[in-house]
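Chemist: Got a structure for you, questions after.
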Amino acid sequence: MSQLTAHIIPRDEHPVSRKNISPSALKVMYRLENAGFKAFLVGGAVRDMLLGIQPKDFDIATNAHPEQVHKLFSNSRLIGRRFKLVHILFGREIIEVATFRSSGEQLQNDQGMLVRDNVYGDIEEDVVRRDFTANALYYSATDFAIYDYVDALKDIENRQLKLIGIPEERYREDPVRMLRAVRFAAKLDFAIETQAEEKITELAHLMQMVAPARLFDEIIKLFVSGKGGRIYQYLKHHKLFDSLFPHVADTLRNNAQSAYYDAFITAGLVNTDKRIQVDKPVTPAFMYAVLLWPEVHRIWQQKISEGTSEFPAMQQAGYEATQAQLPFIMITKRFLLMMKEIWEMQLRLTKNNERRAKQLIHNPRFRAGYDFLLLREQAGEQLEGLGEWWTHFQESNPVPKSSTKSRTGKERFRPRRPANKAGKRPRS
Ligand code: ATP
Ligand code: MG
């Protein structure tokens with residue numbers, strides 16, 4: 001049926017070693033194989049190991065159907081509707097198992113967008129529905145060989161991000177691939193192949209067809225990648241930012257304070273990158289509070305100039321800015337509330353008399369509000385040394401860590417990480 005043939009790279013000709021693979025992922029592959037199915041490690045994990053990066057999660061591709069996988073693992077659950085997958089849970093680690101898919105015209109709507117993706121196929125069909133060649137390598141835990149159907153190794157060596165197939169078609173099928181291109185280019189320091197790069201600017205508007213809930217997840221992935229600062233530049237350059245945050249983009253272009261706003265977002269994202277580097281938690285609420293600040297600040301100032309007093313002006317500005325953004329990207333209620341608190345904290349922090357300050361530093365949103373304030377000053381906003389005042393105040397009034405803990409404790413957000421416990425590793 002298919003003319004694709006695999007270039008098989010045996011174990012002694014590649015550096016992918018079992019000692020870098022999560023024991024849970026190996027367990028899943030072995031059990032599938034023992035049950036008579038095929039199973040491969042695929043996607044980012046193989047790519048990352050070839051690049052000498054420790055993978056953050058492990059995806060498996062198999063010819064077993066999701067229900068069959070689910071039956072084999074009591075610790076699994078079936079997920080997804082448009083795209084059925086099985087998640088196998090090992091403590092906090094999740095191994096994602098996907099059945100080989102085939103792609104075809106019958107799965108698309110009249111605009112070329114994929115609407116159904118549950119037609120199963122064989123590995124040769126599965127290869128070509130993957131996004132980039134670098135993401136389409138298969139590693140077998142049976143013969144330890146890598147199966148390369150699309151000359152992926154060469155592209156990885158040359159640090160080239162190349163779409164499989166015709167870029168325009170692949171972006172139309174799923175516009176999120178444009179965001180993935182930008183994310184991988186920034187994260188891996190790859191160049192996007194010229195045609196695939198040029199098409200992004202042309203098709204960036206398609207991003208508005210993607211479900212807001214899916215974009216919520218994708219945007220988080222972009223900005224917790226540790227390369228958020230660089231990704232922001234890419235997004236602007238390719239007009240993706242315009243498509244995702246149209247109102248903010250407008251303000252970034254046509255406002256007397258555009259330079260400040262742009263510097264502020266950059267500072268916020270670079271700051272997040274630094275936190276991730278030292279393994280500090282980041283919350284999407286802070287990121288979104290940063291990304292929407294140009295709008296909040298603009299509307300806030302406008303309301304004040306129209307005679308509204310400061311606090312209600314900030315409340316209204318926060319409300320209007322988020323309402324304008326929500327049709328494009330969903331933001332959960334919990335995060336919306338935190339964003340609002342961070343913005344309103346900006347006003348609370350200006351009333352810096354000692355007595356109030358002593359109360360305020362116990363507020364669960366104080367720390368985020370203070371970090372946010374520092375970013376505003378860093379980006380050039382003149383606040384008459386307010387940040388420094390709070391820095392000194394905290395030095396002379398240290399707060400024990402536990403007293404600023406959030407009430408629920410649930411708001412801390414860490415990018416998912418495998419529990420790759422030493423000791424249980426099989427020998428390679
Ligand atoms: P990372 O996990 O480091 O973000 P990844 O490449 O593993 O990168 P995942 O989102 O975990 O990305 O997806 C696993 C694999 O599934 C990808 O490597 C790719 O082969 C395929 N894939 C994921 N999303 C898409 C998509 N939108 N279009 C086509 N293939 C996709
Ligand atoms: Mg992955």
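Chemist: Report the residue count in the stretch 172-211 for those that are touching a strand residue (DSSP E or B) at 6+ places or on another chain (Cβ under 9 Å) and near ligand 1 (Cβ under 10 Å from one of its atoms).
Modeler: Counting residues in the stretch 172-211 that are touching a strand residue (DSSP E or B) at 6+ places or on another chain (Cβ under 9 Å) and near ligand 1 (Cβ under 10 Å from one of its atoms) gives 6.
Chemist: For the stretch 225-240, which residues satisfy the criterion of being open to solvent by 30 Å² or more (accessible area, probe 1.4 Å) and at pLDDT 95 or above?
Modeler: Within the stretch 225-240, 227, 230, 233, 234, 236, 237, 239 qualify.
Chemist: Next question. Would you check if residue 241 is touching a residue at least 24 places away in the same chain (Cβ under 8 Å) and either of a type in the set (Phe, Trp, Tyr) or not assigned by TED's automatic domain parsing to the domain that holds residue 322 (or both)?
Modeler: no
Chemist: Shifting gears a bit: Of the residues that sit in the stretch 146-161 and are aliphatic (A, V, I, L, M) and in contact with an Asp or Glu (Cβ under 9 Å, 6 or more places away or on another chain), which one is surrounded by the fewest Cβ atoms within 10 Å (Cβ to Cβ)?
Modeler: 161
Chemist: Hey, can you tell me all the residues within the stretch 207-226 that are under 16 Å from residue 291 (Cβ atoms) and not hydroxyl-bearing (Ser, Thr, Tyr)?
Modeler: Of everything in the stretch 207-226, those that are under 16 Å from residue 291 (Cβ atoms) and not hydroxyl-bearing (Ser, Thr, Tyr) turn out to be 207, 212, 215, 216, 217, 218, 219, 220, 221, 222, 223, 224.
Chemist: A follow-up question, please. Got a sec? Which strands (runs of 3 or more DSSP E) wholly within the stretch 21-122 have at least 2 residues that are in contact with a helix residue (DSSP H, G or I) (Cβ under 9 Å, 6 or more places away or on another chain) and within 16 Å of ligand 1 (Cβ to nearest atom)?
Modeler: Filter on the stretch 21-122 gives 39-42, 59-62, 85-90, 93-99.
Chemist: Still on this model: Against the definition (within 14 Å of residue 140 (Cβ to Cβ), under 29 Å from the mean Cα position of the chain (by Cα) and hydrophobic (A, V, I, L, M, F, W, C)), how does residue 6 come out, yes or no?
Modeler: Here the answer is no, as residue 6 does not meet what is asked.
Chemist: Residues of the stretch 386-401 being part of a loop (DSSP other than H, G, I, E, B), more than 20 Å from residue 281 (Cβ to Cβ) and without any contact (Cβ under 8 Å) to a residue 24 or more places away in the chain, which ones?
Modeler: Scanning the stretch 386-401 gives a single hit, 398.
Chemist: So, one more: Scan the stretch 327-340 and tell me whether some residue there is charged (D, E, K, R), modelled with pLDDT of 95 or more and surrounded by 19 or more Cβ atoms within 10 Å (Cβ to Cβ).
Modeler: yes
Chemist: Scanning the stretch 134-161 for residues that are within 16 Å of ligand 2 (Cβ to nearest atom) and outside any loop (DSSP other than H, G, I, E, B), which turns out nearest to residue 187 (Cα to Cα)?
Modeler: 161
Chemist: Could you list, in sequence order, all residues of the stretch 178-210 that are without any contact (Cβ under 8 Å) to a residue 60 or more places away in the chain and open to solvent by 40 Å² or more (accessible area, probe 1.4 Å)?
Modeler: Correct list: 180, 187, 189, 191, 193, 194, 195, 197, 198, 201, 202, 205.
Chemist: Since residue 134 meets every condition but one in (1) more than 14 Å from ligand 1 (Cβ to nearest atom); (2) surrounded by 18 or more Cβ atoms within 10 Å (Cβ to Cβ), which condition does it not meet?
Modeler: With (1) more than 14 Å from ligand 1 (Cβ to nearest atom); (2) surrounded by 18 or more Cβ atoms within 10 Å (Cβ to Cβ) applied to residue 134, the lone miss is (1).
Chemist: Also, quick follow-up: For the stretch 84-92, does any single residue satisfy the condition of being buried (at least 16 other Cβ atoms within 10 Å of the Cβ), over 16 Å from residue 120 (Cα atoms) and more than 16 Å from ligand 2 (Cβ to nearest atom)?
Modeler: no
Chemist: Considering every residue within the stretch 162-169, establish whether at least one is outside any strand (DSSP E or B), within 15 Å of ligand 1 (Cβ to nearest atom) and open to solvent by less than 30 Å² (accessible area, probe 1.4 Å).
Modeler: Yes.
Chemist: With the requirement that a residue be more than 10 Å from ligand 2 (Cβ to nearest atom), open to solvent by 10 Å² or more (accessible area, probe 1.4 Å) and within 22 Å of residue 144 (Cβ to Cβ), what does the stretch 41-83 give you?
Modeler: Once the filter is applied, which keeps residues that are more than 10 Å from ligand 2 (Cβ to nearest atom), open to solvent by 10 Å² or more (accessible area, probe 1.4 Å) and within 22 Å of residue 144 (Cβ to Cβ), the stretch 41-83 yields 49, 50, 51, 52, 53, 54, 63.
Chemist: For a quick check of your reading of the model, give me the residue pairs whose first member lies in the stretch 43-71 and is without any contact (Cβ under 8 Å) to a residue 24 or more places away in the chain and in the same structural domain as residue 128 (by TED's automatic domain parsing), whose second is assigned to a strand (DSSP E or B) and open to solvent by less than 40 Å² (accessible area, probe 1.4 Å), with beta-carbon atoms closer than 8 Å and at least 6 apart or on different chains.
Modeler: 70/76; 70/86
Chemist: Has the stretch 277-294 got at least one residue that is more than 24 Å from residue 365 (Cα to Cα) and either crowded, with 19+ Cβ neighbours inside 10 Å or modelled with pLDDT of 95 or more (or both)?
Modeler: No, the stretch 277-294 has no match at all.
Chemist: Now for a different question. Among the residues of the stretch 358-385, write down those that are open to solvent by 20 Å² or more (accessible area, probe 1.4 Å), among the aliphatic types (A, V, I, L, M) and assigned to a helix (DSSP H, G or I).
Modeler: Answer for the stretch 358-385, where residues must be open to solvent by 20 Å² or more (accessible area, probe 1.4 Å), among the aliphatic types (A, V, I, L, M) and assigned to a helix (DSSP H, G or I): 360, 368, 374.
The values are calculated or read from the model by the stated rules, or taken from the named source; none is laboratory data. Predicted model only: the values in this text are computed from it and were never measured. A quick note on method: Cβ atoms are made from the backbone with ideal geometry, for glycine too, and the neighbour counts reach across all protein chains shown. Remember, those area values only see protein heavy atoms, side chains included, never the ligands or the DNA or RNA. Shrake-Rupley method; radii C 1.70, N 1.55, O 1.52, S 1.80 Å.
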